[in-house]
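Notes follow once the structure below has been shown.
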């Protein structure tokens, strides 16, 4: 039996940036599910969670967009940070592996690509809606900060009445996920 040699164990090996990006994408995906679930379950709107939701939708879009660029360049040219021309579909395999590492799987790789693309669009739509219609979460967060005696931000929630349209948007976003 011959064990495969891990590419990153060789002297001078350059780590594949797509692996890091795919892991970040999966992390943001998990955060978005958690925040949407928590916000959907609560009667009031926690402004700290709203700020987190906005942050993680932006991060999800950032990592997704980076991976889309890498997928477009797979067979065209080498990445300057990772001087290897990839075979068609290799980035998709890296993304699939990052999600599978944390037991998040789709029936097929094509379904994963299609659903992540749709999720990317929905996360962007939610963020854009928040900025256009519910940006008061930023103002409420900055003026109602709960600070400890040491001057550190605390974990105490900052709650306001949840606007009905915000509740509808969060419920629709959460509905994108399979029933748990």
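The values are calculated or read from the model by the stated rules, or taken from the named source; none is laboratory data. The structure presented is a predicted model; accordingly, all values stated were derived computationally and were not measured. Cβ sites come from the backbone with ideal geometry, for glycine too, and all protein chains shown count toward neighbours.
When 126, 176 are checked against the criterion of being modelled with pLDDT of 90 or more, surrounded by 14 or more Cβ atoms within 10 Å (Cβ to Cβ) and assigned to a loop (DSSP other than H, G, I, E, B), a single residue qualifies: 176.
Yes or no: the range 60-82 includes at least one residue that is at pLDDT below 85, part of a helix (DSSP H, G or I) and touching a strand residue (DSSP E or B) at 6+ places or on another chain (Cβ under 6 Å). No, the range 60-82 has no match at all. Only one of the numbered conditions (1) modelled with pLDDT under 90; (2) in contact with a strand residue (DSSP E or B) (Cβ under 8 Å, 6 or more places away or on another chain) is not met by residue 51, and that is (2). Looking across the range 129-143, the residues that are modelled with pLDDT under 85 and either in a helix (DSSP H, G or I) or within 14 Å of residue 161 (Cα to Cα) (or both) come down to 133, 134, 136, 137, 138, 139, 140, 141, 142, 143. Check the range 8-17 and report whether any residue there is modelled with pLDDT of 90 or more, surrounded by 14 or more Cβ atoms within 10 Å (Cβ to Cβ) and in a helix (DSSP H, G or I). No, because not a single residue in the range 8-17 is modelled with pLDDT of 90 or more, surrounded by 14 or more Cβ atoms within 10 Å (Cβ to Cβ) and in a helix (DSSP H, G or I).
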